[in-house]
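Participant: Once you've had a glance at the structure underneath, I'll fire off some questions.
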Amino acid sequence: MGLSRPGFLAAGLMLLVAACGGAREPALARADDPPPASDPSQPAGWKAILIAGDNQEPAFDNAVDAMAQKLEGFGVAPDNITILKASSYGADAAVRANIRDAFAHLAPGPDDGCFFYMTSHGMAGHGLILRRERLVLSPTALAQVLDQTCGTRPTVVIASGCFSGIYADSLPLEAPNRVVLTAARPDRPSFGCNANLRYTVFDQCVLDNLVRGIAWGTVMDKTRACVSGNEFDMHVGAPSDPQISVGAAESRLLTFAR
């Protein structure tokens with residue numbers, strides 16, 4: 001079980017990075033709101049992998065740290081959250097071998113859901129950057145490890161970066177049990193990769209609007225409105241247009257309901 005070489009397309013470090021700009025920074029939504037009533041149609045627990053694929057700006061590390069804190073507030077045990085970063089070393093570095101190991105040890109139970117979140121720069125037509133290895137995590141490679149590890153369990157993928165719509169528009173990733181949220185269309189950049197900002201625009205908006213017990217479509221609706229407001233303030237030429245794909249089996253999946 002692993003990420004095949006064709007799935008990780010070699011990429012030079014002449015990154016096709018979006019224009020960066022300022023953004024409004026609303027306060028983070030509370031992660032410790034009371035849980036909704038138990039629903040047997042929802043996963044009983046979650047296993048998560050969080051990846052900061054690039055370390056050119058601190059925003060990527062900041063986002064995965066904040067997402068981990070949010071998941072813990074939703075009741076996900078720290079032992080069930082794996083964090084890999086381009087700024088880290090050894091077993092914590094965001095490289096292929098560690099991604100393979102993270103999925104190999106994910107071990108979701110029959111009633112668990114899988115959550116995958118990656119934030120990085122993106123390369124048009126290929127995917128999100130793994131800067132430490134000068135490679136790209138393609139939708140095909142991600143689909144392979146999700147198929148092998150999570151199978152038909154409810155699975156949520158959030159891909160944050162320029163041109164990340166390729167993950168929502170990818171045949172290998174399409175499955176009835178998957179929900180995929182992306183920061184932009186396949187042909188559009190995303191914004192906010194600024195050393196003066198704590199998070200990118202999309203990451204900030206996701207973190208602010210990810211609350212327990214609502215539909216993932218609602219999360220995206222609120223995130224899109226937040227992104228649009230920031231991009232309007234930034235006077236961007238072409239909006240990023242965040243994307244969502246919801247598998248037929250997960251149309252009623254709620255955010256970390258138990």
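The values are calculated or read from the model by the stated rules, or taken from the named source; none is laboratory data. Note that the structure is predicted; figures quoted are calculated from it, not measured. So basically every Cβ, Gly included, is an ideal-geometry build from the backbone, and we count neighbours across all protein chains shown. Just the protein is used for accessible areas: all its heavy atoms, side chains included, with ligands, DNA and RNA removed. Shrake-Rupley method; radii C 1.70, N 1.55, O 1.52, S 1.80 Å.
Participant: May I ask you to rank Lys222, Lys47 by accessible area, largest first, using a 1.4 Å probe over the protein chains only?
Facilitator: Largest accessible area first, the residues go Lys222, Lys47.
Participant: Full extension from Thr152 to His235: what is 0.36 nm times the residue separation minus their Cα-Cα distance, to one decimal in nm?
Facilitator: That pair, Thr152 and His235, stretches by 25.7 nm at full extension.
Participant: If you count, for each residue, the other Cβ atoms within 10 Å and average over each peptide, how do 186-196, 246-256 line up from highest to lowest?
Facilitator: On the way: 186-196: 20.4, 246-256: 17.4.
Order by mean packing, descending: 186-196, 246-256.
Participant: Starting from the Cα of Ala248, step 7 Å along the direction of its Cβ; do the same at Glu174; then give the gap between the two resulting points in nm.
Facilitator: Going by the 7 Å Cα→Cβ label model, 1.2 nm.
Participant: Another one. I need the phi-derived Karplus couplings for region 206-221: 6.51 cos²θ - 1.76 cosθ + 1.60, θ = phi - 60°, integer Hz, Gly and Pro marked x.
Facilitator: 5, 4, 6, 10, 8, 10, 6, x, 10, 5, 5, x, 5, 4, 5, 4
Participant: Whole Å is fine, so just give me how far the alpha carbon centre of region 105-153 lies from that of region 176-250.
Facilitator: 18
Participant: With a cut-off of at most 12 other beta carbons within 10 Å, and DSSP calling the residue loop, which chymotrypsin sites (Phe, Trp or Tyr not before Pro) in region 79-157 qualify? Please list them.
Facilitator: For chymotrypsin sites (Phe, Trp or Tyr not before Pro) across region 79-157 that sit outside H, G, I, E and B with at most 12 neighbouring Cβ atoms in 10 Å, the list reads Tyr89.
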